[in-house]
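Below is one structure, written out as structure tokens; the observations come after it.
The values are calculated or read from the model by the stated rules, or taken from the named source; none is laboratory data. Predicted, not measured: the structure shown is a model, and the values here were computed from it. Don't worry about glycine lacking a Cβ; one is built from the backbone with ideal geometry, like all the others, and counts go over all protein chains shown.
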Amino acid sequence: MAVSPLLTVDDLFALGNVPPDSSLSYGENPDQFGHLYLPENPKKSPVVILIHGGCWRSSVNLDYFGQAAKHLTQLGIAVWNIEYRRIGNGGGWPHTFLDVAAAADKLRDFSSHFSLDLSRVVAVGHSAGGHLAHWLAARQNLTPKGELFRSNPLLLKGFIALAGIPDLAEALKAKICSNEAPKELMGGFPESYPERYSQGSPSELAPLNSKQIFIQGINDDTVHLAYIEDYVAKAKARQEDIELNKLENTGHFELVIASTSQWRVVEQAIQELLEL
């Protein structure tokens, strides 16, 4: 049987933009906003926070996740597809992190108006967005002295990392997101800014109490399987609740396109986390 060619970033960018039900700001910067997609069901809805990837760089935005967001609404799920400042448009340390945190916490301000169930919220992120989804779940372990600390963060039932980046220092060694993107995000190498990495790298905020699901393409040449397997093994040694789902004939982009069989795997994981 012939193996289908892997999808590319061009396939991702070819996806049509799917307008949200509402576009809402969580700050004054033009990139501090999110797209809210709502199910037709009038009942109180669980929420997925979607966080796009792109190696934390401004060349990629939230639009490509619109088709997946709309698809999730058909399952009775509300989706908060967030934008944030990135490398090249005012992002990097600490703004990228603070934006993602503010976007998540902003759900409290409009949950009643849109009938959102904030007791059932999960974060789903792709690539660099997988790092940020993981960090959202881990930020409750930040200490008050840290620059990223905010009191009373919105708690998640768990997160799903689609080709995520859990350990920034190891990502540099493994050349994840090439051209030293993790260093650009943090403003320097771990040796120069250990306090930044201790706050911004989810691996440094372990152990986590929430459920962790990593979904990884075996053929991904952007985020390598061995890198993810190494992190998952360490998390299991800490007795964390973590799961790794390895998908064959899957690269970096099949996981986020709603027409693929790989997206069905993602949807199933989301439904399980939300107990649907």
For the stretch 1-112, which fully contained helices (runs of 4 or more DSSP H) count at least 3 residues that are more than 24 Å from Pro182 (Cα to Cα) and charged (D, E, K, R)? 95-110
Between Ile82, Ile77, which is crowded, with 24+ Cβ neighbours inside 10 Å, over 16 Å from the mean Cα position of the chain (by Cα) and not aromatic (Phe, Trp, Tyr)? Ile77
Considering only residues that are in contact with a Leu (Cβ under 6 Å, 6 or more places away or on another chain) and not aliphatic (A, V, I, L, M), look in the stretch 115-141 and name the one that is farthest from Ile49 (Cα to Cα). Asn141
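Which residues, counting only those in the stretch 98-132, are farther than 14 Å from Gly34 by Cβ and either buried (at least 23 other Cβ atoms within 10 Å of the Cβ) or among the β-branched types (Val, Ile, Thr) (or both)? Walk me through it before giving the result.
Initially, the stretch 98-132 is screened for residues farther than 14 Å from Gly34 by Cβ, giving 98, 112-113, 115, 117-120, 122, 126-128, 130-131.
Within the stretch 98-132, Val122, His126, Ser127, Ala128, Gly130, His131 qualify.
Before we move on, is Asn179 under 27 Å from Gly91 (Cα atoms), surrounded by fewer than 24 Cβ atoms within 10 Å (Cβ to Cβ), modelled with pLDDT under 95 and of a type in the set (S, T, N, Q)? Spell out the reasoning first.
Details: under 27 Å from Gly91 (Cα atoms): yes; surrounded by fewer than 24 Cβ atoms within 10 Å (Cβ to Cβ): yes; modelled with pLDDT under 95: yes; of a type in the set (S, T, N, Q): yes.
Judged against the criteria, Asn179 is a match.
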Could you say which residue among Val79, Val47, Val100, Val18 is more than 26 Å from Glu248 (Cα to Cα), touching a Lys or Arg at 6+ places or on another chain (Cβ under 6 Å) and among the β-branched types (Val, Ile, Thr)? Val18
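On the given criteria, is Phe214 aromatic (Phe, Trp, Tyr), closer than 21 Å to Leu107 by Cβ, in a strand (DSSP E or B) and touching a strand residue (DSSP E or B) at 6+ places or on another chain (Cβ under 8 Å)? Steps first, answer last, please.
On the way: aromatic (Phe, Trp, Tyr): yes; closer than 21 Å to Leu107 by Cβ: no; in a strand (DSSP E or B): yes; touching a strand residue (DSSP E or B) at 6+ places or on another chain (Cβ under 8 Å): yes.
So Phe214 fails the test.
So which of Asp230, Asp167 is under 14 Å from Ala128 (Cα atoms), modelled with pLDDT of 95 or more and either surrounded by fewer than 21 Cβ atoms within 10 Å (Cβ to Cβ) or among the acidic types (Asp, Glu) (or both)?
Working: Asp230 fails: under 14 Å from Ala128 (Cα atoms).
Within the list Asp230, Asp167, the selection yields Asp167.
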State yes or no: is Arg196 assigned to a helix (DSSP H, G or I), of a type in the set (Lys, Arg), at pLDDT 95 or above and buried (at least 18 other Cβ atoms within 10 Å of the Cβ)? yes
Any chance Ala104 is modelled with pLDDT of 95 or more, under 23 Å from Ile165 (Cβ atoms) and in contact with a strand residue (DSSP E or B) (Cβ under 8 Å, 6 or more places away or on another chain): yes
Which residue is nearest to Arg86 (Cα to Cα), if the candidates are limited to the stretch 165-181 and must be outside any loop (DSSP other than H, G, I, E, B) and without any contact (Cβ under 8 Å) to a residue 24 or more places away in the chain? Leu172
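Working carefully through the options Gly27, Gly53, Gly34, find the one that is in contact (Cβ under 8 Å) with a residue 24 or more places away in the chain, in contact with a helix residue (DSSP H, G or I) (Cβ under 9 Å, 6 or more places away or on another chain) and surrounded by fewer than 20 Cβ atoms within 10 Å (Cβ to Cβ). I'd like the intermediate steps shown before the answer.
Working: Gly53 fails: surrounded by fewer than 20 Cβ atoms within 10 Å (Cβ to Cβ); Gly34 fails: surrounded by fewer than 20 Cβ atoms within 10 Å (Cβ to Cβ).
On inspection, the qualifying residue turns out to be Gly27.
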When every residue in the stretch 233-276 that is over 17 Å from the mean Cα position of the chain (by Cα) and among the aliphatic types (A, V, I, L, M) is compared, the one surrounded by the fewest Cβ atoms within 10 Å (Cβ to Cβ) is Ala237
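From the list Gly130, Gly125, Gly158, which residue is on the phi > 0 side of the Ramachandran plot, of a type in the set (Gly, Ala, Ser) and under 16 Å from the mean Cα position of the chain (by Cα)?
Gly158
From Val223, Val266, grab the single residue that is in a loop (DSSP other than H, G, I, E, B) and closer than 16 Å to His134 by Cα. Spell out the reasoning first.
Values: Val266 fails: in a loop (DSSP other than H, G, I, E, B).
From the options Val223, Val266, the qualifying one is Val223.
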